[in-house]
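Quick note: the coordinates plus some simple rules give every number you see, no bench work behind them. Remember, predicted model here, so these are calculated numbers, not experimental data. Cβ sites come from the backbone with ideal geometry, for glycine too, and all protein chains shown count toward neighbours.
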Amino acid sequence: MFNMTMTRVAASLMAFAAAGICAAAPVTLDFEGLKDQESVLGFYNGGTGSLGSAGTNYGIGFAGNTLALIDSDAGGSGNFANEPSGDTVMFFLSGASTVLNVAAGFTESFSFFYSTRLNTGVVNLYDGIDGRGTLVGSIDLAALGTNCQGDPTGSFCNWEMASLSFAGTVRSIDFGGAANFTAFDNITFGNIGGDPPGGDVPEPGSLLLAASALLALRTASRRRD
């Protein structure tokens, strides 16, 4: 009878330990909370954008030419429509590209939405910061045209999702395209921080508690025998 009870308690303890597992979920940047034409900068990196806006700290920093743009329908200056979520997107006005850095790195997958009319572009993923190191993967951006339906007030109104699965760790992304002619939104990182695939890592405290409890049960069982 005691052995059966011990088995049941052990199962309960293992379930408790499993409840302490950290599950790494994908991170999505939608740029909501930034002001119109505000530089993103440290908004997602424990700091603020150029106009003082602060977002969640995901450890993701942006180059100075990366800007937020709000749809004109929502009071901003954005000439776009049918955006994937909210009213704010990411774009850049100067330079051949803009870069974001993920210092801790991320693994497994990457995706985003983009809008462009007549211009093409490319998004490159690197294992070093600032678009340096080894090229891990690339995504080509096609021209999406101007034949739009739905929201009629923006010229950049066709949006496509682009995605890439890859091996290795990525620490920076270079968004290339014609300045002021490509917008991005809902940028999603598969697994930030380099946890094993799936992100299920038992917390040491939970495992120690379970192990200690099982040891105590075994000791008590021996004393009864």
**Prompt:** Label points 7 Å out from Cα along the Cβ direction at A179 and S72: separation in nm?
**Reply:** 2.2 nm
**Prompt:** Could you put T120, T134, T98 in order, starting from the residue whose Cβ has the fewest other Cβ atoms within 10 Å?
**Reply:** T134, T120, T98
**Complete:** Here FRET efficiency (C-beta to C-beta, A25 to S94, R₀ 22 Å, nearest 0.05) is 0.05
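Could you line up M161, M90 from fewest to most neighbouring Cβ atoms inside 10 Å?
On the way: M161 12, M90 25.
Result, fewest neighbours first: M161, M90.
At most 13 other Cβ atoms within 10 Å and a DSSP loop assignment: could you name the trypsin sites (Lys or Arg not before Pro) in the stretch 93-176 that fit? Each step should come with its number before you reach the end.
On the way: sites: R117, R132, R171; in loops: R117, R132.
Of the trypsin sites (Lys or Arg not before Pro), the ones in loops of the stretch 93-176 whose Cβ has at most 13 other Cβ atoms within 10 Å are R132.
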**Request:** Find how much the distance from D140 to A103 grows on full extension, using 0.36 nm per residue of separation minus their present alpha carbon separation; answer in nm with one decimal.
**Result:** 10.9 nm
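Give me the extension gain from A162 to N65: residue separation times 0.36 nm, minus the current Cα-Cα distance, reported in nm with one decimal. Could the numbers behind the result be given before it?
Numbers: separation 97, 0.36 × 97 = 34.92 nm, distance 2.22 nm.
Between A162 and N65, full extension yields 32.7 nm more.
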**Message:** Under a Cβ-only charge scheme (Lys and Arg +1, Asp and Glu -1), can you give me the dipole magnitude of the stretch 22-201 about the Cα centre, in debye to the nearest 20?
**Reply:** 400 debye
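I need the calculated FRET efficiency for the pair T56 and L118, taking r as the beta carbon distance and R₀ as 41 Å, to the nearest 0.05.
Working: r = 35 Å, r/R0 = 0.85.
Computed FRET efficiency for T56 and L118: 0.75.
Cα convex hull of the stretch 22-201: mean projected area in nm², to one decimal?
Working: hull surface 38.3 nm².
So the Cα hull casts an average projection of 9.6 nm².
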**Asked** Roughly what % of DSSP beta bridges within the stretch 22-201 run antiparallel, to the nearest 5?
**Response** 95 percent
